[in-house]
Amino acid sequence: MDFLKEKAHTLGSSIIMYLNKKNSKTICFQHGGSQKDNILGQSTSASYYQVVYGKYIYDSMLNLGVDEKRLFLTGNSLHDDIVNIDVAAIKSKLKNDGFDINKKIILIATCLFFEYDDRENPNELYKLYIKTIYENIDFDDFSLIVKMHPNDKMHPNLYLDNEYGIEKSNNFKVILPNDNMFTFYELAMVSDLIISRSSTTIEEGIMLGKRVVAFDLFSDGPSCHLEHLMKFSNYKKVLLTDKKSLNDTITELINIDVCDLSIIEAVDMFTYKLDGKSIERIKNALLVILELNNRNYRKYVN
């Protein structure tokens, strides 16, 4: 973590700058999505080279003055296995686990930490956030899966607070952080609609052709950095103060047809190619960097 203007990255940036002085060829792999704040952070990476995943961030880095010779566009290696996901098998596993797959499935993939931590009473805000989502889902029509973030707290588990009035049923399932039965990508592939706040899961949901809602409590909350996604018809943003409720947006969005061309554009923007070959492209980028390093070393010693 080596963004020079990010306080949380101070240690990483210091280490990378030290290595740069020792003539090491340092590499920053993209972390985070295409939000404006993340792009600005990525452009300040202390590493000599950068590996980025989609055309949107690649072009943004160029526009912000990053040298093209130091940039490599590869796609995201985490997406390589998506092409092999067996949707029928995942639905069967959910069904065998007692979950109702016959209704349209909504997936909540967000986090209940960090993003409101700088506000007053953040825990109450996180509880209000998830409670509002639950209240806006018609469980007669939909089945709901919550995929907890790996860093979400288990004690207390804010997704399962008794005050929400959510009863255990076959159309409500919470995937705990230590539950490895289902990946986010598997759950996304079987879902009809995804709800998050400001996460890479929003971009990934769009590129997988899912209907996606960014729900935020505040107009200046994390979702304010996602305005460039409004071009996609399968994406909507909802604030707590909006006249149109989250329930209305879900009802409106969940049945729309998603254009194939829109999916192709999203893939190009966020992960370059969804062909299972990103790891291969990353390997090739590292080999190029290694050769450049060796060439410069030979020039130095000669």
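In segment 219-302, taking the dipole from charged Cβ atoms about the Cα centre, the farthest positive-side position among Leu226, Val258, Ile289 is held by Ile289. For the chain, the longest principal axis of the alpha carbon atoms and the long axis of helix 87-96 meet at an angle near 50°. Here the Karplus curve 6.51 cos²θ - 1.76 cosθ + 1.60, taken at θ = phi - 60°, turns the phi angles of segment 64-72 into couplings of 8, x, 6, 5, 4, 5, 9, 10, 10 Hz, with x standing for Gly and Pro. In this calculation the C-beta distance from Asn96 to Met154 is compared with R0 = 22 Å, giving a FRET efficiency of 0.35.
Only helical runs count toward this figure. For the chain, summing -39,500 (n - 2.57) over DSSP H runs of n ≥ 4 and dividing by all residues gives -11000 deg cm²/dmol at 222 nm.
Only aspartates and glutamates eight or more places from Lys21 in sequence, or on another chain, were considered; those with a Cα closer than 18 Å are Asp2. Backbone phi angles across segment 13-26, fed through the Karplus curve with coefficients 6.51, -1.76 and 1.60 (θ = phi - 60°), yield HN-Hα couplings of 4, 5, 5, 5, 5, 4, 5, 4, 5, 8, 6, 6, 9, 8 Hz in residue order; Gly and Pro are listed as x. One decimal place: the segment Glu163-Leu286 gains 39.1 nm when fully extended, by the rule 0.36 nm per residue minus the C-alpha distance. Solvent exposure of the chain amounts to 52 Å² per residue of accessible area, where only protein heavy atoms count and the probe is 1.4 Å.
Given an 8 Å cut-off on Cα distances and at least 6 residues of separation, report the relative contact order of segment 16-171 as a percent. Over segment 16-171, the number comes to 17 percent. Of the residues Phe172, Gly75, Ile133, the one whose Cα sits farthest toward the positive end of the charge dipole of the chain, with +1 on the Cβ of Lys and Arg and -1 on the Cβ of Asp and Glu, is Gly75. Taking every alpha-carbon pair under 8 Å whose residues sit at least 6 apart, the chain reaches a relative contact order of 21 percent.
The values are calculated or read from the model by the stated rules, or taken from the named source; none is laboratory data. What you are looking at is a predicted structure, and each value in this text was computed from that prediction instead of being measured. Cβ coordinates were reconstructed from backbone atoms using ideal geometry, including for glycine residues, and neighbour counts include every protein chain displayed. When the accessible area is computed, the model is the full protein with side chains, heavy atoms only, and any ligands, DNA or RNA have been set aside. Shrake-Rupley method; radii C 1.70, N 1.55, O 1.52, S 1.80 Å.
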